[in-house]
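Have a look at the structure below, then the notes.
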Amino acid sequence: MSFAAINDILTGQLTGYWQGLIEALPKVAAAGLLLLVTWGVVSLSRAVIRRLGRRFRLRRNLTDVLSLLAGTGLWLMGILIALAVVFPTITPARALTTLGLGSVAIGFAFKDTFENFLAGILILLREPFAIGDHVECDGIEGQIEEITIRDSHVRQTDGQLVVVPNHLLFQQPVTVRTDRDLRRTTIICGVAYGEDVDKARAVIEKAVQQVDTVRDDVKDVQVFAREFGASSIDFEVTWWTGSQPLDIRASRDQVIGAVKRALDDAGIEIPFPYRTLTFSEPLTIRHE
């Protein structure tokens, strides 16, 4: 084949490509304009969602998630329509079918990620707990510092940070210890068998009521004789105080100190454990 023939073939192909490009320019321009309009609609929708989030006092993370979902959906629609304009053979239905088959494979590959993602959305929508709440779940106990779309950050009382996957908080029972401002706490106090039970109960109840951290204005202090212990009659002492862990520990410390002082002042014995030893034969006592 001569050089002239090769040149004619290449020239013909390039001319065809150029003519095709010229013919496609209006479609490409229309697709570009469509993408530009999509960008404007996405920006407007995100602004509207943020404004609605502030009006209805939605969590910032939830607002961000709704904005992300709305933007992703609008961009997907805009890109599919733009492809259909440039390439008429690619219809939105065919493109969605292809995306559907691909999403199944992606879903199996990222099952845990999507599970955490959906659990995060449901947690943000339902709001079973908020940032600052003290929770306990599956042996993890601490204060919620952050709730993201994938996981939640729990700061334990010893200062360590635990990153908990959202599906665990969604599927497992969660105890929200600070759901209310008050929480009940209990200690066990024993007095000797020789003491008057009614007098001991009255002394303990009065001592607990005088503690500053005890909220007896909301809930009554309760003192009940619980059981016959090994060396004492045990009382169950119950009162209400703040719901934070520090509130519980501080209130217990004050109550125990107040009860100990009150029993000592009243001359009521808090016994040590007693042991009685029984021998089958008499013991011989030797004096040296």
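Rule-based calculations on the coordinates, nothing more; no lab input. What you are looking at is a predicted structure, and each value in this text was computed from that prediction instead of being measured. Backbone-built Cβ (ideal geometry, glycine too); neighbour counts: all protein chains shown.
Side notes on the structure shown:
- Scanning the range 170-214 for residues that are part of a helix (DSSP H, G or I) and either on the phi > 0 side of the Ramachandran plot or touching a helix residue (DSSP H, G or I) at 6+ places or on another chain (Cβ under 9 Å) (or both) returns 170, 171, 200, 203, 204, 206, 207, 208.
- Evaluation of residue 218 against the conditions (1) in contact with a Leu (Cβ under 7 Å, 6 or more places away or on another chain); (2) surrounded by 17 or more Cβ atoms within 10 Å (Cβ to Cβ) shows that the sole unmet condition is (2).
- Residue check for residue 219: under 30 Å from residue 234 (Cα atoms), among the basic types (Lys, Arg) and not in a loop (DSSP other than H, G, I, E, B): no
- Members of the range 132-153 found to be assigned to a loop (DSSP other than H, G, I, E, B) and within 18 Å of residue 116 (Cα to Cα), listed by number: 138, 148, 149, 150
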